[in-house]
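**Q** Take a look at this one; I'll ask things after.
The values are calculated or read from the model by the stated rules, or taken from the named source; none is laboratory data. In this text, all values refer to a predicted model and were calculated from it rather than measured experimentally. Methodologically, a virtual Cβ is constructed for each residue, glycine included, from the backbone with ideal geometry; neighbour enumeration extends over all protein chains shown. Each accessible area value is taken on the protein alone, full model and side chains, heavy atoms only, with ligands, DNA and RNA left out. Shrake-Rupley method; radii C 1.70, N 1.55, O 1.52, S 1.80 Å.
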Amino acid sequence: MDIILLGPPGAGKGTQAGRLEDEHGMVQLSTGDMLRAAVKAGTEVGLKAKALMDAGELVPDEVVSGIIGDKLDELGPDQGVIFDGYPRTAAQAASLDEILAERNRVLSYVIELAVDEDALVERITGRFTCGKCGAGYHDTFKQPAVAGVCDVCGSTEFKRRPDDNEETVRTRMQEYRAKTAPILPIYEARGIVRKVDGMGSMAEVNDAIEAVLSL
Ligand code: AMP
């Protein structure tokens, strides 16, 4: 089963995709994670993407669609995929249709994570991760049990995304409203959109998604 998690920045797409990956053996394909890895590795894609990402603007469609196609080719045909942060424009949605059709894959659902936008800025600007194992934390909602020490691996190094500052978050929201939200009707017309309340606890949102997917 292949699904898309769609929602504005901070809606919880990455968190929920991670849970589906851990609990149900699906594979999360996050274009944001792939681009950050490319920036870190200093590849050509990374060099093209960095300034746009730092400004909160979208990376060109052909760049992200190319990396998604390549990643899918590394997976077996029966491996269920969660698209996280892709597609983000109508052109990407059209590319995804082609990419899936070429590989005989079918998109089962688009899960729309509905959130209150005012809460998102606080959600995003407070988040940080363990620099070693990647476990996620939050200044207000989820501090490590022992201050400054990762609950999972004990590391004392933490990091924040450079684009998780208020100004960039506002631009990312605008990009979402202008370019990403308009792709929902494409999938609504196919009857595969399922709206899930993204404002509940992580467990509640996870339960709601599992109910949709009958997992
Ligand atoms: P994310 O981790 O999904 O919030 O993405 C972080 C940043 O990576 C975005 O603000 C964009 O600059 C870039 N990005 C990630 N996915 C895409 C995409 N599908 N299309 C264009 N840009 C993207």
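**Q** What share of the DSSP beta bridges in the chain is antiparallel, in percent to the nearest 5?
**A** If we restrict to bridges inside the chain, about 30 percent are antiparallel.
**Q** A further question follows. Could you list which residues have their amide H under 5 Å from that of Ser155, counting only those 5 or more apart in sequence or on another chain, with H placed in the peptide plane?
**A** Correct list: Cys150.
**Q** How big is the dipole moment of the chain about its Cα centre under a simple scheme where the beta carbon of each Lys and Arg is +1, that of each Asp and Glu is -1, and everything else is neutral? Debye, nearest 20, please.
**A** 320 debye
**Q** Also, quick follow-up: May I ask for the percentage of alpha-carbon pairs in the chain that lie more than 20 Å from each other?
**A** Every Cα pair in the chain considered, those over 20 Å come to 59 percent.
**Q** Which of rounded, prolate, oblate describes the stretch 108-165, given a ≥ b ≥ c as roots of the alpha-carbon gyration tensor eigenvalues and a/c under 1.5 marking rounded, otherwise prolate only if a/b is larger than b/c?
**A** prolate
**Q** Continuing with this model, one more query. Under 25 Å Cα to Cα from Lys159, which lysines show up? Leave out anything in the same chain fewer than 8 places away.
**A** Lys13, Lys40, Lys48, Lys50, Lys132, Lys142
**Q** Under a Cβ-only charge scheme (Lys and Arg +1, Asp and Glu -1), can you give me the dipole magnitude of the stretch 53-145 about the Cα centre, in debye to the nearest 20?
**A** Dipole size: approximately 440 debye.
**Q** With charges set only on the Cβ (+1 for Lys and Arg, -1 for Asp and Glu), what does the dipole of the stretch 113-215 come to about its Cα centre, in debye to the nearest 20?
**A** Its charge dipole is roughly 360 debye.
**Q** Which residue, Thr89, Val146, Gly25, has the largest displacement toward the positive end of the dipole of the chain when charges sit on each Cβ (Lys, Arg +1; Asp, Glu -1)?
**A** Of the listed residues, the answer is Val146.
**Q** Relative contact order for the stretch 23-112: what percent, with Cα pairs under 8 Å and sequence separation of 6 or more?
**A** 35 percent
**Q** At most 15 other Cβ atoms within 10 Å and a DSSP loop assignment: could you name the GluC sites (Glu not before Pro) in the stretch 88-183 that fit?
**A** Those that pass, being in a loop and sparsely packed, are Glu157.
**Q** Follow-up question, since we're still on this one. Which value, in Å², gives the accessible area per residue of the chain when a 1.4 Å probe is used on the protein heavy atoms?
**A** With all protein chains present, the chain gives 50 Å² per residue.
**Q** Taking H placed 1.01 Å from N in the peptide plane, check which residues at least 5 places from Val193 or on another chain put their amide H under 5 Å from its amide H.
**A** Residues meeting the criterion, in which the H sits 1.01 Å from N, are Val110.
**Q** Another question about this same structure. Trypsin sites (Lys or Arg not before Pro), restricted to the stretch 126-192: which are DSSP loop and have at most 16 other Cβ atoms within 10 Å?
**A** For trypsin sites (Lys or Arg not before Pro) across the stretch 126-192 that sit outside H, G, I, E and B with at most 16 neighbouring Cβ atoms in 10 Å, the list reads Lys132, Arg160, Arg190.
**Q** Where Rh is the Kirkwood radius over the Cα pairs of the stretch 23-138, the temperature 25 °C and the viscosity 0.890 mPa s, what D in µm²/s does Stokes-Einstein return?
**A** After rounding, the answer is 154 µm²/s.
**Q** Shape of the stretch 64-108 from its Cα gyration tensor (a ≥ b ≥ c, root eigenvalues): rounded if a/c is under 1.5, otherwise prolate when a/b > b/c, or oblate?
**A** Taking the square roots of the gyration eigenvalues as a ≥ b ≥ c, the stretch 64-108 is prolate.
**Q** Defining a contact as two alpha carbons under 8 Å apart and six or more residues distant in sequence, what relative contact order in percent does the chain show?
**A** Relative contact order of the chain: 29 percent.
**Q** How large is the Kirkwood hydrodynamic radius of the stretch 33-90, counting all unique pairs of alpha carbons, in Å?
**A** 12.3 Å
**Q** Now for a different question. Once both labels are modelled 7 Å past Cα along the beta-carbon direction, what's the Ala203-Val146 spacing in nm?
**A** Calculated label separation equals 2.5 nm.
**Q** Ok, one more. Can you work out the Karplus-derived ³J(HN,Hα) for every residue in the stretch 162-174? Use 6.51 cos²θ - 1.76 cosθ + 1.60 with θ = phi - 60°, whole Hz, and x for glycine or proline.
**A** Each residue of the stretch 162-174 in turn: x, 8, 8, 9, 4, 4, 5, 4, 4, 5, 4, 4, 4 Hz.
**Q** Considering Cα pairs under 8 angstrom that are at least six residues apart, work out the relative contact order of the stretch 116-185 and quote it in whole percent.
**A** RCO, the stretch 116-185: 30 percent.
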